[in-house]
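Participant: My questions will all concern the structure given below.
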Amino acid sequence: MRKSPERVEILAAEYVLGSLKGPARLRFEGWMMESGRVRQEVWFWEQQLGALSTAAPAETPPPRVWSDIQRRLWPEQATTTLPDSAKAGWFWPGWSLMATAAAVLFAVLLLQQPSPDVERPLLAGAIIKADIGDPLWLLSETGRGNLLKLRSVAAGSAESGKDYELWVVPEDGEPLSLGVIPAGDTHQVALSGEAQSSLTRSRTLAISLEPAGGSPTGSPTGPILHVTRLYEL
Amino acid sequence: MASVEVNQDELMRLLRSVARKDRQAFQQLYSQVAARMFGLCVKLANHRELAEEAMQESFIQIWHHAGEYHRDRGAPLAWMMTIARYRTLDLMRARKVRQTAGDEHLEQVEDKRGGPLDDSLRTSGSAQLTGCLDELSDVQRDSILLAYYRGFTHDELSETLNSPVGTVKSWIRRGLMVLKRCLER
């Protein structure tokens, strides 16, 4: 294909926009390597369209992003970067250690994002892989509100005098209780605005074993049975 | 809301230090641009996990290639945002993340030609490109902005805007050329 000025002009624009794909994109990258004129054309569009990038609302990334960058660039320093991630939540390391390995929690969760014009349901799910194949609970959103429906699948009842309690694990600070959940039944949990926004950010839920009726302190007091991250599907 | 004010001279100084493998400067650079960059990645990918991974990839690339930055690549922030955008698009393609474009959106686009692109982006985008976007037709502008901010493919644009792929391609190409003629004036 000839590198006519017109063709370079349009392909450079489409390259930067992202609409140039597949073999055509690779071929154009070859042109960029060969020709300063082609690179100049690309830089023109990167500058012009780059101005659009500042219009997207800023959002602070979770602390783990920086920790992971450090870990990947300087693995020898991995131990010194741990305090950064530990700052994100006091209980995280403990929770991970305490979470029993021989358990599977499968959660499917629909988060309704507030939007003035269009309701855009966000389908999310999570899997913790372990030794047994059956999910213990299934989670799904019901209706248009912030209502989670929790269906027990293979979870056994808590031992006598104990209850399972569901928590949102936020990026920072204390976990938020979503209340006691039964085994062997269907149960609905109403998400407060705070719980919903925490969950949207952290994508993490946990289940702990608490005295009957739930934690007396408002924070987890018993062993953490499951910690699960949610993934958009 | 995160602190989003950035000083390009300061970024330039930090980039030079990063090119000399100064880790402290790299951390400062991260703290200055992370929020803006993450905002763009999230908007583009509509997927937080992927946006986080794109952030990682972008900063690793910035660490290794800071020395290749030069003024012809635009302001330092624009250069880094461009890297973040490319890495996000790469990951989106690799994972074939599909944009949600359900029937609700189609109806809305048909009614108002508004669609999934919020007005704030459309207007602030216009201001940034010194009004040149205003010279485009509505469909040309929306196609370009949806491709830019949401990484929509031709097929996804065709579905969202309820028009044949060939038509969408031509909107984008003609729109980009109108934009260029205007920007060159």
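The values are calculated or read from the model by the stated rules, or taken from the named source; none is laboratory data. Quick caveat, the model's predicted, so the values are computed rather than measured. Don't worry about glycine lacking a Cβ; one is built from the backbone with ideal geometry, like all the others, and counts go over all protein chains shown.
Participant: If you check residue B:124 against the conditions, is it touching a helix residue (DSSP H, G or I) at 6+ places or on another chain (Cβ under 9 Å), modelled with pLDDT under 80 and not acidic (Asp, Glu)?
Facilitator: So residue B:124 fits the description; yes.
Participant: Residues of segment B:75-86 being more than 7 Å from chain A (Cβ to nearest Cβ) and within 19 Å of residue A:39 (Cβ to Cβ), which ones?
Facilitator: B:75, B:76, B:79, B:80, B:83, B:86
Participant: Could you check how many residues of segment B:150-170 are at positive phi and either among the acidic types (Asp, Glu) or facing chain A (nearest Cβ under 10 Å) (or both)?
Facilitator: 1
Participant: Answer with yes or no whether residue A:40 is of a type in the set (S, T, N, Q) and surrounded by 14 or more Cβ atoms within 10 Å (Cβ to Cβ).
Facilitator: When the stated conditions are applied, residue A:40 does not pass them.
Participant: Sticking with this structure for a sec: Which condition number does residue B:173 fail, the rest of (1) surrounded by 22 or more Cβ atoms within 10 Å (Cβ to Cβ); (2) facing another protein chain (nearest Cβ under 9 Å); (3) at pLDDT 85 or above being met?
Facilitator: (1)
Participant: Still on this model: For residue B:166, state whether it is loosely packed, with under 14 Cβ neighbours inside 10 Å, at pLDDT 85 or above and of a type in the set (Gly, Ala, Ser).
Facilitator: yes
Participant: Look through segment B:75-86, keep the residues that are touching a residue at least 40 places away in the same chain (Cβ under 8 Å) and either of a type outside the set (Gly, Ala, Ser) or touching a strand residue (DSSP E or B) at 6+ places or on another chain (Cβ under 9 Å) (or both), and return whichever of them is surrounded by the fewest Cβ atoms within 10 Å (Cβ to Cβ).
Facilitator: So, considering only residues that are touching a residue at least 40 places away in the same chain (Cβ under 8 Å) and either of a type outside the set (Gly, Ala, Ser) or touching a strand residue (DSSP E or B) at 6+ places or on another chain (Cβ under 9 Å) (or both), the one surrounded by the fewest Cβ atoms within 10 Å (Cβ to Cβ) is B:77.
Participant: For residues in segment B:52-74 being facing another protein chain (nearest Cβ under 8 Å) and either of a type in the set (S, T, N, Q) or at negative phi (or both), which is surrounded by the most Cβ atoms within 10 Å (Cβ to Cβ)?
Facilitator: Looking at residues that are facing another protein chain (nearest Cβ under 8 Å) and either of a type in the set (S, T, N, Q) or at negative phi (or both), I get B:59.
Participant: A further question follows. Can you tell me which residues in segment B:2-51 are modelled with pLDDT under 90 and within 7 Å of chain A (Cβ to nearest Cβ)?
Facilitator: Correct list: B:2, B:4, B:43, B:47.
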